[in-house]
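The values are calculated or read from the model by the stated rules, or taken from the named source; none is laboratory data. Note that this is a predicted model, so its numbers are computed, not measured. Cβ sites come from the backbone with ideal geometry, for glycine too, and all protein chains shown count toward neighbours.
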Amino acid sequence: MNASPSAPRGLYLLTPDEPETAHLLAQVAAVLPHATWLQYRNKRADAALRRAQVQALLPLCRATGVPLIVNDDWRLAADLGADGAHLGEDDGALIDARAALGADAILGASCYDDITLAQRAVEAGASYVAFGAFFPSPTKPDARVARKSLLRDAEVLGVPRVAIGGITPENARQLAAAGADLVAVISGVFAARHPAAAAHAYRAAFGL
Ligand SMILES: Cc1ncc(COP(=O)(O)OP(=O)(O)O)c(N)n1
Ligand SMILES: Cc1nc(C(=O)O)sc1CCOP(=O)(O)O
Ligand SMILES: [Mg+2]
């Protein structure tokens, strides 16, 4: 089974570890029109700052029509009415997140380099699966390494396949050709000299 023809494609933007909420909003606002989804991810923020930053991003995402997905913390996503959550291996049970967030929520699972993890994630309620890292990542230099063939292997799962890790506008085309529905990106956009142009280039890699 393939992901449906209306399945999301393109740029899945992840926020940088930005402590200043006003700066974060300005950075995101400049590129959000090019994004298919936005994930709020800030590994340096405490719980209060994470809550405040999700609350600040939600109206911007609503106004732009871009779903907002919260990294690591499905309870915060449920509490604030975000559109979904992304969970890695240390972030709790997908089945609990699905029960709390409801059937329509976007629920993602990190599957690293492991198709079996992806199969289990879908069984537990994940609506997309993420694999990586496909290229050396400036954000996560120690990330496990994934092979591109994993993306085609995961087509049978019937959910969108997200690729992450060191993705640039140039290498995004290889991943789209290998079966990625979305590329998840932090530094390729937020560390770019021209973030809006970079974000646009990721979309173009999908012919969007
Ligand atoms: C889309 C997407 N894919 C992978 C991750 C990584 O999740 P995790 O392994 O839990 O690592 P942290 O992001 O929490 O450092 C992700 N966040 N998003
Ligand atoms: C958060 C994250 N997870 C990864 C994984 O492989 O699971 S790689 C990664 C970092 C992505 O940032 P950048 O686009 O700057 O490489
Ligand atoms: Mg996590």
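When the residues of the range 2-47 are filtered to those that are under 11 Å from the mean Cα position of the chain (by Cα), part of a loop (DSSP other than H, G, I, E, B) and not charged (D, E, K, R), the one that is surrounded by the most Cβ atoms within 10 Å (Cβ to Cβ) is ALA35. The condition (being more than 24 Å from VAL31 (Cα to Cα) and either within 11 Å of ligand 1 (Cβ to nearest atom) or modelled with pLDDT of 95 or more (or both)) is satisfied by just one residue among ARG51, ARG75: ARG75.
On the given criteria, is GLY125 touching a Leu at 6+ places or on another chain (Cβ under 9 Å), within 19 Å of THR36 (Cα to Cα) and small (Gly, Ala, Ser)? Outline the logic, then answer.
On the way: touching a Leu at 6+ places or on another chain (Cβ under 9 Å): yes; within 19 Å of THR36 (Cα to Cα): no; small (Gly, Ala, Ser): yes.
For GLY125, the condition - touching a Leu at 6+ places or on another chain (Cβ under 9 Å), within 19 Å of THR36 (Cα to Cα) and small (Gly, Ala, Ser) - is not met.
Out of everything in the range 135-151 that is within 11 Å of ligand 1 (Cβ to nearest atom) and buried (at least 16 other Cβ atoms within 10 Å of the Cβ), what residue ends up being farthest from GLN39 (Cα to Cα)? Among residues in the range 135-151 that are within 11 Å of ligand 1 (Cβ to nearest atom) and buried (at least 16 other Cβ atoms within 10 Å of the Cβ), the one farthest from GLN39 (Cα to Cα) is ALA146. Residue count for the range 60-113, restricted to those that are in a loop (DSSP other than H, G, I, E, B) and away from ligand 2 (no atom under 16 Å from the Cβ): 12. In the set GLY188, GLY207, GLY166, only one residue is farther than 29 Å from ARG98 by Cβ, in contact with a Ser or Thr (Cβ under 7 Å, 6 or more places away or on another chain) and assigned to a loop (DSSP other than H, G, I, E, B); that residue is GLY166. If you go through the range 132-146 and keep only what is out of contact with any strand residue (DSSP E or B) (no Cβ under 6 Å at 6 or more places or on another chain), of a type outside the set (A, V, I, L, M) and touching a residue at least 12 places away in the same chain (Cβ under 8 Å), you end up with PHE135, PRO136, SER137, PRO138, THR139, LYS140, ARG144.
The set of residues in the range 45-71 being of a type outside the set (A, V, I, L, M, F, W, C) and touching a strand residue (DSSP E or B) at 6+ places or on another chain (Cβ under 7 Å) consists of GLN53, PRO67, ASN71.
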